[in-house]
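Input: a single structure, listed below in structure tokens.
The values are calculated or read from the model by the stated rules, or taken from the named source; none is laboratory data. Bear in mind the structure is a predicted one, so any value in this text is a computation, not a measurement. Virtual Cβ from ideal backbone geometry, glycine too; neighbours counted across all protein chains shown. The area values use the complete protein model at the heavy-atom level, side chains included, leaving out ligands, DNA and RNA. Shrake-Rupley method; radii C 1.70, N 1.55, O 1.52, S 1.80 Å.
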Number of protein chains: 2
Amino acid sequence: MMRDPDELKNAGLKATLPRLKVLSLFENSKDRHLSAEDVYKILLTTGEDVGLATVYRVLTQFEQAGLLVRHHFESGKAVFELNQGGHHDHIVCIKCGRVEEFCDEEIEKRQKLAASERGFTIQEHSLYIYGICTKQPCPHKA
Amino acid sequence: MMRDPDELKNAGLKATLPRLKVLSLFENSKDRHLSAEDVYKILLTTGEDVGLATVYRVLTQFEQAGLLVRHHFESGKAVFELNQGGHHDHIVCIKCGRVEEFCDEEIEKRQKLAASERGFTIQEHSLYIYGICTKQPCPHKA
DNA sequence: TTCACTGCAAACGATTTGCAGGTCC
DNA sequence: GGACCTGCAAATCGTTTGCAGTGAA
């Protein structure tokens, strides 16, 4: 289930093994949001031989190439997700780590308004909601 | 311009010198948003003798006591501001570091709706807008 | 061949922690 | 007096970087 090398070539990156592995990991993992540590550990258990430093480098390159988006949830560690176009916001369960995405056009609109009213040109924006998912036992890890 | 010790006592904290200094700093500084490093440096230049570790400890205690609110902007370092009740969102200039606050009831309302629709009990939420302030020369530092 | 890429280990910046001594009530 | 605080230095955590070897085109 390895990724098409062209996708990397188009981004100006050589299609090396570590890159293909990381990219396919994001495309096939059921968790959309992964930290560098997550990626590293998954690759380890898969028997892949990739250094943690390389994971960090590749993730940053992918972010710059627009393939991934980096987020800073409260955890202190950065998490990445596939960039599939449209902007969206996040609801993070502080108990189980589950992340749900949503997008509200009205919120988007009012953010832009708030910024322009104050003379700001928006570069990016992020809305994080931290809470507890009340759906019986938390569906994810502890 | 030292703070009323009762405010600390009420929070269950002994009214020690470092705590009073830090608290009064937040109340008298013209910058509402300060990092631990900021606080430490200001205290140094004021001739105060407070350790960086103590600053970190005090800031965390104040946050737990509800006196301060901690934010994680993109910078990588945490910033704190006085907790004056009402929730509000932030617009951060990525060039000069200026922080403006705003609050939009409609956005608040729709956040709550989005969370409850997905079975989440909101614990906290933060909306950060990163941009560039177009008001001629950036009013703050470089 | 050649230059980009990699792994490893050391370096880093922000924050935390262990500990011996000092302080508030 | 005793529990709580403090400063200092060492430890931790996430992340970055220097360097010598490896691999894609």
For this session: Skip the ligands, DNA and RNA, and give the accessible area per residue of the stretch B:1-121 with a 1.4 Å probe, whole Å².
Result: 53 Å²
For this session: Out of all DSSP beta bridges with both ends in chain A, state the antiparallel percent to the nearest 5.
Result: 75 percent
Exercise. Using unit Cβ charges (K, R positive; D, E negative) and no other charged atoms, how large, in debye to the nearest 20, is the dipole of the protein assembly as shown about its Cα centre?
Worked result: 600 debye
Exercise. Going by a ≥ b ≥ c, the root eigenvalues of the Cα gyration tensor, does the protein assembly as shown fall in the rounded group (a/c under 1.5), the prolate group (a/b larger than b/c) or the oblate group?
Worked result: prolate
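Would you calculate, for the protein assembly as shown, the mean residue ellipticity at 222 nm contributed by helices, counting each DSSP H stretch of 4 or more residues as -39,500 (n - 2.57) and dividing by all residues, to the nearest 500?
Dividing the helical sum by the residues of the protein assembly as shown leaves -11500 deg cm²/dmol.
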Seminar exercise, completed: Inter-part gap, Cα centre of the stretch B:23-101 to Cα centre of the stretch A:5-32, in whole angstrom, is 40 Å
For this session: Would you mind calculating the relative contact order of chain A from Cα pairs under 8 angstrom and at least 6 residues apart, reporting the percent as a whole number?
Result: 18 percent
Seminar exercise, completed: What the Cα atoms of chain B span along the principal axes, largest first and in whole Å, is 48, 41, 24
Exercise. What residue among B:Ile132, B:Ile107, B:Ile42 has the largest mean-square fluctuation in a Gaussian network model of chain B, using Cα springs under 10 Å?
Worked result: B:Ile107
Exercise. For chain B, modelled as a GNM with alpha-carbon contacts under 10 angstrom, which of B:Thr54, B:Thr46, B:Thr121 fluctuates the most?
Worked result: B:Thr121
